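The values are calculated or read from the model by the stated rules, or taken from the named source; none is laboratory data. Everything quoted here is computed from the prediction, not taken from an experiment. Virtual Cβ from ideal backbone geometry, glycine too; neighbours counted across all protein chains shown. Ligands, DNA and RNA are stripped out before the accessible areas are found, and what is left, the full protein with its side chains, is counted by its heavy atoms. Shrake-Rupley method; radii C 1.70, N 1.55, O 1.52, S 1.80 Å.
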Amino acid sequence: MKVVLTESAFFGVMVSLIAYGIGLQVKKKFKIAVFNPLLVSIVLVMVALSVCHVEYDVYYEGAKYLSYLLTPATVCLAIPLYEQVEMLKGNWKAIVLGICTGVVTSLASVLAFCVLFGLGHEEYATLLPKSITTAIGMGVSEELGGYVTITVAVIIITGVLGNMIAELVCKLFRIEEPIAKGIAIGSSSHAIGTVKAMEMGELEGAMSSLSIAVAGLLTVAGASIFATFL
């Protein structure tokens with residue numbers, strides 16, 4: 001028996017916020033990377049919809065209002081960047097080179113794995129924008145002929161994984177320079193990864209915020225070129 005909730009326009013918002021709130025408490029209690037609040041909330045929402053037999057369209061009818069906040073939230077990341085503008089001016093060459101390297105590495109790795117596993121052009125186009133923010137990645141995927149809904153899932157997974165392992169990777173490869181950390185995280189795991197960068201330090205967060213915007217623009221241009229390779 002399916003639950004009919006069409007009268008509750010904000011059902012999706014309510015479920016999403018409750019799930020995320022639980023995710024925050026779980027992360028606070030256990031302090032383990034795998035219990036990322038976003039990842040926990042995704043799982044909880046999936047379980048809730050499955051158990052209550054609520055169709056996705058009904059859920060999204062309310063949850064879409066949260067999506068409207070995605071772009072302004074991304075723009076707000078410019079605040080820590082503004083606070084570190086002098087540092088940006090003094091290291092702009094290294095920053096630009098680092099972001100460009102991150103974008104090319106992301107696109108090239110997708111190409112390599114798609115060739116390795118024999119994926120078609122649609123799947124390839126779907127995965128190309130995996131490391132940029134959802135607001136930009138959806139448009140890139142649609143323009144190149146990818147599966148937009150899968151692109152959104154891939155972008156979220158990429159961000160969550162980046163958030164979970166960013167600090168470990170930096171320790172493993174002995175990356176101690178704050179600017180390098182921020183650029184690496186922002187250009188590979190967009191806004192979700194930037195949350196971890198901000199936890200690591202103010203400068204890391206500022207550089208990661210910058211990387212989101214610049215990497216997004218470069219990926220729009222780079223993906224169009226790389227899309228012709230497969």
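Which of the numbered conditions does residue 68 fail, given that it passes all the others? Conditions: (1) at pLDDT below 80; (2) open to solvent by less than 60 Å² (accessible area, probe 1.4 Å). Status for residue 68: all satisfied but (2).
Of the residues making up the stretch 146-177, those that are in contact (Cβ under 8 Å) with a residue 12 or more places away in the chain, open to solvent by 40 Å² or more (accessible area, probe 1.4 Å) and not hydrophobic (A, V, I, L, M, F, W, C) are 147, 167.
Restrict the check to the stretch 30-51 and report whether at least one residue is assigned to a helix (DSSP H, G or I) and of a type in the set (Lys, Arg). Within the stretch 30-51, not a single residue is assigned to a helix (DSSP H, G or I) and of a type in the set (Lys, Arg). Reported count of residues in the stretch 72-102, each being of a type in the set (Ser, Thr, Tyr) and surrounded by 13 or more Cβ atoms within 10 Å (Cβ to Cβ), is 2.
The condition (being over 16 Å from residue 99 (Cα atoms), among the aliphatic types (A, V, I, L, M) and in a helix (DSSP H, G or I)) is satisfied by just one residue among 212, 156: 156. Selection of the stretch 11-20 for residues being surrounded by 14 or more Cβ atoms within 10 Å (Cβ to Cβ) and either out of contact with any Asp or Glu (no Cβ under 8 Å at 6 or more places or on another chain) or modelled with pLDDT of 85 or more (or both) yields 12, 13, 15, 16, 17, 18, 19, 20. Considering the stretch 64-84, the residues that are farther than 14 Å from residue 205 by Cβ and β-branched (Val, Ile, Thr) include one that is nearest to the chain's Cα centre (by Cα), namely 71. Counting only helices (runs of 4 or more DSSP H) that sit wholly inside the stretch 74-131, those with at least 3 residues that are of a type in the set (A, V, I, L, M) and modelled with pLDDT of 95 or more are 92-116. Checked against the criterion of being in a helix (DSSP H, G or I), open to solvent by 10 Å² or more (accessible area, probe 1.4 Å) and free of Cβ contacts under 8 Å to residues at least 24 places away in the same chain, the candidates 184, 191, 221 yield just one match: 221.
Being in contact with an Asp or Glu (Cβ under 7 Å, 6 or more places away or on another chain) and surrounded by 16 or more Cβ atoms within 10 Å (Cβ to Cβ), is that true of even one residue in the stretch 115-130? Checked against the condition, which is being in contact with an Asp or Glu (Cβ under 7 Å, 6 or more places away or on another chain) and surrounded by 16 or more Cβ atoms within 10 Å (Cβ to Cβ), the stretch 115-130 yields no hits at all.
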